[in-house]
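Notes to accompany the following structure.
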Amino acid sequence: MSVHANTRAFEKDIVTDFQSRMSYASYLDLDTLLSAQKPVSRPEHHDELLFIVQHQTTELWLKLVLHETLAARTAFDDDDIGRALKCVARVKHIQKTLTEQWSVLATLTPTEYSEFRHFLGNSSGFQSYQYRAVEFVLGNKNAEMLTVFESDRAPHDLLSRLLEEPTLYDALWRCLARMGYDVPRSVLDRDVSVAYTINEDLLPLITDIYENNREHWKVYETFEEFVDLEENFQLWRFRHMRTVLRTIGMKSGTGGSSGVRFLQKALELTFFPELLAVRTEIGR
């Protein structure tokens, strides 16, 4: 079937009657989704819609990141490394989309943002509970963060639960221990409610796996996938910081943080420190 007059023929089997059928719009609940953008500026500023859509789409992607990361943790609990890595691979693609998305918000100039920023009150991305949940699952736990959500029970309950649960990294090491690897007890018995910090006792095991990777290929591959995960997260943090710097300079954040200075500190945080530290050990 050829195109005529730059118009495709409307095929006879295309469904058009949705009185009793599920449609695209009903499946996705588009009425709800597309009515969720509610600018607060008065008069309504043209660019506020961009600001809202940017953050709402980020939250949707974070929902999927959390879904897949928790599934990866469960897979490690079930000693199914292949299934865990499938989830991690999907997260990595989402991370790339999230990072590239900052380029859209960067089209908002300082002048444009300043014309409606004051309408936002103290609302801030700092208050994204899904972002904190992802950080918690990956290992950057901080009980003080829960205070931000004390007036919102559901997010507070979620973060409280994740605070007490093992991280994705904990699940990996427990899986490897069950496989027969000599994982130190200090790793397996650590307090999972605090931020993960480097454990030098792990470096000999990790170094051996890297230097003899043919014998430990699946674990070696898993380590590199985790390094990708961390690197992608840091790239997202960096683009976030640079976008904020480009848009508001060194002003304080609407949520009360020091703004760019606070975001710069996040670049010093790490999820899987031994997997980076081992680079120094290899080949010595």
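The values are calculated or read from the model by the stated rules, or taken from the named source; none is laboratory data. As the structure is a computational prediction, the values presented were derived from the model and not from experiment. For neighbour counting, all protein chains shown are included, and Cβ atoms are generated from backbone atoms with ideal geometry for every residue, glycine included. When the accessible area is computed, the model is the full protein with side chains, heavy atoms only, and any ligands, DNA or RNA have been set aside. Shrake-Rupley method; radii C 1.70, N 1.55, O 1.52, S 1.80 Å.
The label-point distance for residue 258 and residue 280, in a model that sets each label 7 Å from Cα toward Cβ, rounds to 2.5 nm.
Ordering 183, 147, 133 by Cα displacement along the dipole of segment 131-199 toward the positive end leaves 183 in first place; charges were set at the Cβ atoms of Lys, Arg (+1) and Asp, Glu (-1). Rounded to the nearest Hz, the phi-derived 3J(HN,Hα) couplings of segment 10-27 under the Karplus curve 6.51 cos²θ - 1.76 cosθ + 1.60 (θ = phi - 60°) are 7, 5, 5, 8, 5, 6, 10, 9, 10, 5, 10, 10, 6, 9, 4, 5, 6, 4, where x marks glycine and proline. The distance separating the Cα centre of segment 1-26 from that of segment 219-256 comes to 43 Å.
Surface composition of the chain: carbon and sulfur atoms hold 54% of the protein heavy-atom accessible area at a 1.4 Å probe. Taken over the chain, lysine pairs spaced eight or more positions apart, or on distinct chains, with alpha carbons under 25 Å apart number 17.
Candidates [x] 38, 28, 19; [y] 31, 20, 18; [z] 49, 19, 17; which is the computed semi-axes √(5λ) of the Cα gyration tensor in Å? Given [x] 38, 28, 19; [y] 31, 20, 18; [z] 49, 19, 17, the structure-derived one carries the label [x].
Take the chain and mark each of the chymotrypsin sites (Phe, Trp or Tyr not before Pro) that is in a DSSP loop with at most 13 other Cβ atoms within 10 Å; the longest unmarked stretch, sites excluded, is 19-284. For segment 61-122, applying the loop criterion from DSSP together with a ceiling of 15 other beta carbons within 10 Å to the GluC sites (Glu not before Pro) yields 115. Of the complete DSSP H runs in the chain, those spanning 15 angstrom or more by Cα along the long axis with a mean Kyte-Doolittle score not below -1.0 are 48-77, 81-105, 153-164, 168-178, 217-248. Which net charge results for the neighbourhood of residue 284, defined as the other residues with beta-carbon distances under 15 angstrom from its beta-carbon, given Lys and Arg at +1 and Asp and Glu at -1? Charge balance in the 15 Å sphere: -3.
Can you compute the charge dipole magnitude of segment 141-284 about its Cα centre, using +1 on each Lys and Arg Cβ and -1 on each Asp and Glu Cβ, nothing else charged? Give it in debye, rounded to the nearest 20.
Working: 18 positive and 24 negative charges, 161 e Å.
Here segment 141-284 has a charge dipole of around 780 debye.
I need the shape label for segment 16-128. Rule: rounded when a/c is under 1.5, else prolate if a/b > b/c, else oblate, with a, b, c from the alpha carbon gyration tensor. Verdict is oblate for segment 16-128. Note on residue 83 and residue 42: with the Förster distance fixed at 45 Å, the Cβ-Cβ geometry gives a FRET efficiency of about 0.35.
Close amide H contacts of residue 108 (hydrogens built in the peptide plane, cut-off under 5 Å, sequence separation of 5 or more or a different chain): none are found.
Using only the Cα atoms of segment 140-284, build the gyration tensor, take square roots of its eigenvalues as a ≥ b ≥ c, and label the shape rounded, prolate or oblate: rounded if a/c is under 1.5, else prolate if a/b is larger than b/c, else oblate. Oblate, because a/c is 1.5 or more while a/b does not exceed b/c. About its Cα centre, the dipole of segment 109-191 is roughly 240 debye, where the only charges are +1 on Lys and Arg Cβ and -1 on Asp and Glu Cβ. Accessible surface for the chain, divided over its residues, is 58 Å² per residue with a 1.4 Å probe.
Can you compute the charge dipole magnitude of the chain about its Cα centre, using +1 on each Lys and Arg Cβ and -1 on each Asp and Glu Cβ, nothing else charged? Give it in debye, rounded to the nearest 20.
On the way: 32 positive and 42 negative charges, 161 e Å.
Dipole about the Cα centre, nearest 20: 780 debye.
If a paramagnetic tag sat 7 Å from the Cα of residue 142 along the Cα-Cβ line, which residues of segment 263-283 would have the backbone N under 14 Å from that point? What the label zone holds, given the 14 Å backbone N cut-off, is 263-271.
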